[in-house]
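Let me begin by presenting the structure, written as structure tokens, before commenting on it.
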Amino acid sequence: MQPNYATNAPQGYLGDWKRGAPMGRPDVGAHIEAKHLRKRRANVESRLEWMREIGEAREAEHVAAQLAKIDAELGALNLAAPLKFTLQRVRLDSGGYDPQGAYWGAGQPLYWAADESGEIELTFRAEDRDDAKAYLRGEYAGAMFYR
């Protein structure tokens with residue numbers, strides 16, 4: 001069965017609908033881990049370049065070892081399987097509340113996405129459905145969608 005916002009809606013702060021916009025579920029899964037590793041890799045790579053520029057060969061060697069370790073961790077993740085997402089627009093009333101009563105405020109339309117395993121679940125704002133798909137494809141290369 002496909003995930004659905006109505007049955008999986010993240011609850012408000014500390015699980016109370018009346019306490020503002022939900023913060024979402026914790027990040028899990030290989031794709032989320034890879035996203036964090038790629039960010040870490042970019043930071044370590046910048047540090048390595050800087051160490052080489054200022055002539056810190058010994059420190060650069062240590063940083064290069066960190067970079068190799070991150071690359072090994074990325075290589076060990078199973079990212080081959082494409083992710084298929086359910087993508088739904090969450091309708092907000094004029095006060096900025098979703099149908100379950102959680103407050104999200106005004107702004108761009110609110111979208112909710114979940115992969116078919118239920119490990120990845122996101123709530124974010126986008127201008128329209130195509131923009132929401134582009135955002136997800138930017139976060140998860142090869143993302144596919146129902147409908």
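The values are calculated or read from the model by the stated rules, or taken from the named source; none is laboratory data. All values derive from a computational prediction rather than experimental measurement. When we count neighbours, we look across all protein chains shown, and the Cβ atoms used for this are built from the backbone with ideal geometry, even at glycine.
At-a-glance table
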item: Odd one out for ALA132 among (1) assigned to a loop (DSSP other than H, G, I, E, B); (2) within 13 Å of the chain's Cα centre (by Cα); (3) at pLDDT 90 or above; result: (1)
item: Count of residues meeting criterion [touching a residue at least 24 places away in the same chain (Cβ under 8 Å), out of contact with any Gly (no Cβ under 6 Å at 6 or more places or on another chain) and surrounded by 18 or more Cβ atoms within 10 Å (Cβ to Cβ)] in segment 113-134; result: 7
item: Every residue from segment 85-126 that is assigned to a loop (DSSP other than H, G, I, E, B) and among the basic types (Lys, Arg); result: ARG91
item: Single unsatisfied condition, MET51 versus (1) within 20 Å of the chain's Cα centre (by Cα); (2) modelled with pLDDT of 75 or more; (3) surrounded by 15 or more Cβ atoms within 10 Å (Cβ to Cβ); (4) assigned to a helix (DSSP H, G or I); result: (1)
item: Enumeration of residues in segment 97-112 that are crowded, with 21+ Cβ neighbours inside 10 Å and modelled with pLDDT under 90; result: ASP98, ALA102
